[in-house]
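In what follows, a structure is listed as structure tokens, so that the remarks can point back to it.
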Amino acid sequence: MKFEFFIARRYLTKGRKSSFISVISLVSTIGIAIGVAALIIALALINGFQGDIRDKILGSTAHILVNSFIGDGLDGYEPIIKEIREQFDEITSARPVVYGTVLVKGSSRLASGAILRGVDLEASGSDVWARGIEHGVLPKKKNQLLVGSEIASRLGVLPHDRCMVITPEPTLSPSGPIPKIKRLEVSGIFKTGLYEFDNGTVITNLETAQKLFKLGDKISYIQVYLKDLFAAEAVGEKLREMLPVGLQVITWKELNASLYSALKLEKTVLFFTLTLIIIVASLNIIAGLILLVIQKIRDIGILLSYGASPRIIKRIFFLQGSVIGIIGTTAGVIIGLLFCFLGNKFQLIRVPYDIYHMSHVPFKIGLFDFIAVVVVALIISFTATLIPSKKAASVNVVDAIKNE
């Protein structure tokens with residue numbers, strides 16, 4: 001193999017007659033490097049964006065939801081929560097939640113529709129709204145409300161202000177059914193950074209929400225948090241087998257299926273689109289090596305006449321193309337990783353905060369994506385050398401010397 005590599009290296013770097021071919025080899029190497037770097041940077045950018053969106057969404061919902069198929073509320077939930085906590089080590093917490101649509105009205109005439117969540121606030125320290133309080137505190141008493149920043153701004157409410165919460169469940173009166181109205185004190189204002197929640201969510205304690213929606217001791221669903229969010233599907237299957245008939249288990253992937261399906265499709269399309277850059281660069285490898293075979297036809301004939309087998313000739317040209325692919329892939333990896341490092345350090349990809357609720361898009365390099373890019377680049381590069389190397393190995397020694 002040392003002999004083949006020596007000849008391949010000579011053909012790749014030396015010789016006046018091969019100067020044009022050396023330029024093609026250089027262009028091929030640069031093309032592969034650009035393709036690999038572009039793939040690494042693009043996938044890291046998508047991973048960073050997806051990760052940020054996923055963290056914000058999951059911080060406001062849960063990894064797994066358990067509710068009733070009928071949708072009339074879940075009764076006797078405490079034994080179920082206890083069993084879930086005891087049976088699964090992967091579960092960090094399981095909490096009751098009351099959920100419903102309300103109309104919130106401030107001191108002015110303005111009103112806004114919102115989703116009211118009643119949660120166990122003593123155990124909700126990991127929720128995104130508990131970590132994102134801008135003003136005030138969590139509702140510690142009954143009849144207190146934590147309001148999203150966008151709703152608070154629209155209604156003009158501040159901590160310690162009072163607002164009316166109107167629920168769709170009517171209350172009977174002498175004049176007929178009327179909407180149920182409850183005055184609640186704003187204890188604080190939170191900001192998650194996700195517009196959907198800041199613009200449409202208010203939080204209160206579990207007991208107040210149960211009274212507002214006339215649920216008694218029932219709840220809407222149980223939210224389950226896991227140590228590893230990617231274990232949600234496996235844990236969800238076990239929960240479906242364990243829980244009584246009539247209970248529904250929904251994972252975070254199923255709950256946000258359309259969003260993550262779109263993001264996954266975008267990532268896949270981008271991967272194959274940018275792979276075309278590597279394929280185009282590999283065509284330059286084919287062209288360069290075929291031209292080299294034509295130019296070195298006499299050298300091939302001499303090597304064959306001295307006893308070199310067609311397999312050795314094939315290895316020489318295969319190694320030459322492989323070296324171009326390896327150097328290009330290595331250079332692309334270095335450029336891609338360096339750009340991602342600098343992008344995170346100096347926050348190069350800045351976006352409008354009022355639209356995306358993030359100051360910049362982070363670069364996150366996934367191990368699987370990194371390996372996939374390197375493997376695909378090398379496979380394409382190695383495959384591109386097969387045609388020229390086979391052509392070189394098929395040269396007849398008599399014809400090669402006779403033509404010269």
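The values are calculated or read from the model by the stated rules, or taken from the named source; none is laboratory data. Since this is a predicted model, take the numbers as computed values, not measurements. Cβ placement follows ideal geometry from the backbone for every residue including glycine, while neighbour counts extend to all protein chains displayed.
Table for the structure above
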{"quantity": "Among the candidates Gly336, Gly288, Gly321, Gly301, residue that is under 29 Å from the mean Cα position of the chain (by Cα) and on the phi < 0 side of the Ramachandran plot", "calculated": "Gly336"}
{"quantity": "Test: residue in segment 203-216 that is touching a residue at least 12 places away in the same chain (Cβ under 8 Å), farther than 26 Å from Glu122 by Cα and assigned to a loop (DSSP other than H, G, I, E, B)", "calculated": "no"}
{"quantity": "Residue within segment 245-254 that is among the aliphatic types (A, V, I, L, M), assigned to a helix (DSSP H, G or I) and surrounded by 14 or more Cβ atoms within 10 Å (Cβ to Cβ) present", "calculated": "no"}
{"quantity": "Top-ranked residue in segment 135-160 [being buried (at least 16 other Cβ atoms within 10 Å of the Cβ) and in a loop (DSSP other than H, G, I, E, B); ranked as farthest from the chain's Cα centre (by Cα)]", "calculated": "Asn143"}
{"quantity": "Search result, residues across segment 45-77 that are part of a helix (DSSP H, G or I), among the acidic types (Asp, Glu) and either touching a residue at least 12 places away in the same chain (Cβ under 8 Å) or in contact with a strand residue (DSSP E or B) (Cβ under 7 Å, 6 or more places away or on another chain) (or both)", "calculated": "Asp52"}
{"quantity": "Residues that are surrounded by fewer than 15 Cβ atoms within 10 Å (Cβ to Cβ) and under 16 Å from Val102 (Cβ atoms), drawn from segment 165-206", "calculated": "Pro168, Glu169, Pro170, Thr171, Ile178, Pro179, Ile181, Arg183"}
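Residue-by-condition table, conditions (1) of a type in the set (S, T, N, Q); (2) modelled with pLDDT of 85 or more; (3) surrounded by fewer than 21 Cβ atoms within 10 Å (Cβ to Cβ); (4) not assigned by TED's automatic domain parsing to the domain that holds Ala232:
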| residue | (1), (2), (3), (4) |
| --- | --- |
| Glu266 | no, no, yes, yes |
| Val269 | no, yes, yes, yes |
| Phe272 | no, yes, yes, yes |
| Leu283 | no, yes, yes, yes |
| Leu292 | no, no, no, yes |
| Gln320 | yes, yes, no, yes |
| Ile327 | no, yes, yes, yes |
| Gly332 | no, yes, no, yes |
| Leu338 | no, yes, yes, yes |
